[in-house]
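The values are calculated or read from the model by the stated rules, or taken from the named source; none is laboratory data. This one's a predicted model, so the numbers in the text were calculated from it and none came from an experiment. Cβ: placed from backbone, ideal geometry, glycine included. Neighbour counts: every protein chain shown. Just the protein is used for accessible areas: all its heavy atoms, side chains included, with ligands, DNA and RNA removed. Shrake-Rupley method; radii C 1.70, N 1.55, O 1.52, S 1.80 Å.
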Amino acid sequence: MDFGLVLQTDPPASQVVGLMRRAERNGFRYGWTFDSAVLWQEPFVIYSQILEHTTKLHVGPMVTNPGTRTWEVTASTFATLNDMYGNRTVCGIGRGDSAMRVAGRRPNTLARLGEAIDVIRDLAEGREATVDGNAIRIPWIKNGRLPVWMAAYGPKALALAGQKADGFILQLADPFLTEWMVKAVRQAAADAGRDPDALTICVAAPAYVGDDLAHARDQCRWFGGMVGNHVADLVEKYGEHSSMVPEELTAYIKDRHGYDYSHHGRAGNPDTAFVPDEIVDRFCLLGPAEAHIAKLRHLKDLGVDQFAVYNMHDNREGTIDAYGSEIIPALGA
């Protein structure tokens, strides 16, 4: 199992770079960041510094979207980083939550997302693609490589990930939901004539290593609120008790009332009081190292290839170091 570190690009950028360097020293192979231009600093600028100060770490957004940048700009940016540092990027992409909503836009449609996945990958790897009816190719790209991993929760999005993406990003660590969603993605890949085992499966969730479970829950409760934004979209689309979406995913948002993105992804978010302890425990990895190892082994058995640690809490360095000294070695990475 590979491991990734997920950060917000809060200033100073030097601190983000420093934490990514620390992660690489501790055995992490991927460095991810949020991508929301209003809420945080521009991640692609910071990726250049992360790549400059690491040797093997792969970097990318968790996740970008097809609406805040034109597709040829996204492709060229990835390709430039790859040309400078040797194909060490991965494009995590989704419909867009905070990046779109904060700017007053709705998340992108799945049709637009599916088209963007093909176009961005083709352009970044040096092939011709059609953008707004025009056939274009970036002529300077040689031996480009850009895996595109799609984030998804709902049935139609899971199907699209299986049909189009090189990898699937699931932003929660509940074993029941992981098993259900991985099966859906791989079945969609098989139905599309693709090799379902060729898709990389990445589970991303907060991890907090320590014995004070109540404190760890409070530090990670924000994550249930972030996931709840996507779940609310699913409930709106499919209904509260739809057979297409497991109740294990949707039931907890019944007491959700609004959401202020100025607190998005942050410990102490006041809009996440509706998230019960049970959801925090299911969606996150909390407790002593042994508890993390046990849950990660379960996820690995379900086909998870990478666990990406959301590290937005008050023990960032300690979590990175604990994973490096105890948890990553136990998973054979």
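Name the single residue that is nearest to Phe307 (Cα to Cα) among those in the stretch 171-185 being without any contact (Cβ under 8 Å) to a residue 40 or more places away in the chain and touching a helix residue (DSSP H, G or I) at 6+ places or on another chain (Cβ under 7 Å). If you could, list the steps in order and put the result at the bottom.
First, the residues of the stretch 171-185 that are without any contact (Cβ under 8 Å) to a residue 40 or more places away in the chain: 181, 183-185.
Those still in the list that are touching a helix residue (DSSP H, G or I) at 6+ places or on another chain (Cβ under 7 Å) too: 181, 184-185.
On the way: Met181: 15, Ala184: 19, Val185: 17 Å.
Residue satisfying both the conditions and the ranking: Met181.
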So Val38 passes all but one of these: (1) outside any loop (DSSP other than H, G, I, E, B); (2) surrounded by fewer than 21 Cβ atoms within 10 Å (Cβ to Cβ). Which condition number does it fail?
(1)
The condition from (1) in a helix (DSSP H, G or I); (2) touching a helix residue (DSSP H, G or I) at 6+ places or on another chain (Cβ under 7 Å); (3) farther than 12 Å from Leu51 by Cβ; (4) of a type outside the set (Ser, Thr, Tyr) that Val73 misses is numbered (2)
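Would you say Gly332 is assigned to a loop (DSSP other than H, G, I, E, B), within 14 Å of Phe3 (Cα to Cα), at pLDDT below 95 and out of contact with any helix residue (DSSP H, G or I) (no Cβ under 6 Å at 6 or more places or on another chain)? Full working, then the answer.
Values: assigned to a loop (DSSP other than H, G, I, E, B): yes; within 14 Å of Phe3 (Cα to Cα): yes; at pLDDT below 95: yes; out of contact with any helix residue (DSSP H, G or I) (no Cβ under 6 Å at 6 or more places or on another chain): yes.
It is true that Gly332 is assigned to a loop (DSSP other than H, G, I, E, B), within 14 Å of Phe3 (Cα to Cα), at pLDDT below 95 and out of contact with any helix residue (DSSP H, G or I) (no Cβ under 6 Å at 6 or more places or on another chain).
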Going through the stretch 94-131 one residue at a time, which ones are in contact with a Phe, Trp or Tyr (Cβ under 9 Å, 6 or more places away or on another chain) and either in a loop (DSSP other than H, G, I, E, B) or free of Cβ contacts under 8 Å to residues at least 60 places away in the same chain (or both)?
Asp97, Val102, Glu115, Ala116, Val119, Ile120, Leu123, Ala124, Gly126, Ala129
Of all residues in the stretch 264-312, count the ones that are at pLDDT 95 or above, open to solvent by less than 10 Å² (accessible area, probe 1.4 Å) and not in a helix (DSSP H, G or I).
10
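Take the stretch 49-76 and flag every residue that is among the aliphatic types (A, V, I, L, M) and either surrounded by fewer than 18 Cβ atoms within 10 Å (Cβ to Cβ) or at pLDDT below 95 (or both). Don't jump to the end; show me each part of the working.
First, the residues of the stretch 49-76 that are among the aliphatic types (A, V, I, L, M): 50-51, 57, 59, 62-63, 73, 75.
Matches in the stretch 49-76: Val63, Val73.
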Determine, yes or no, whether Asn108 is surrounded by fewer than 22 Cβ atoms within 10 Å (Cβ to Cβ) and not hydroxyl-bearing (Ser, Thr, Tyr).
yes
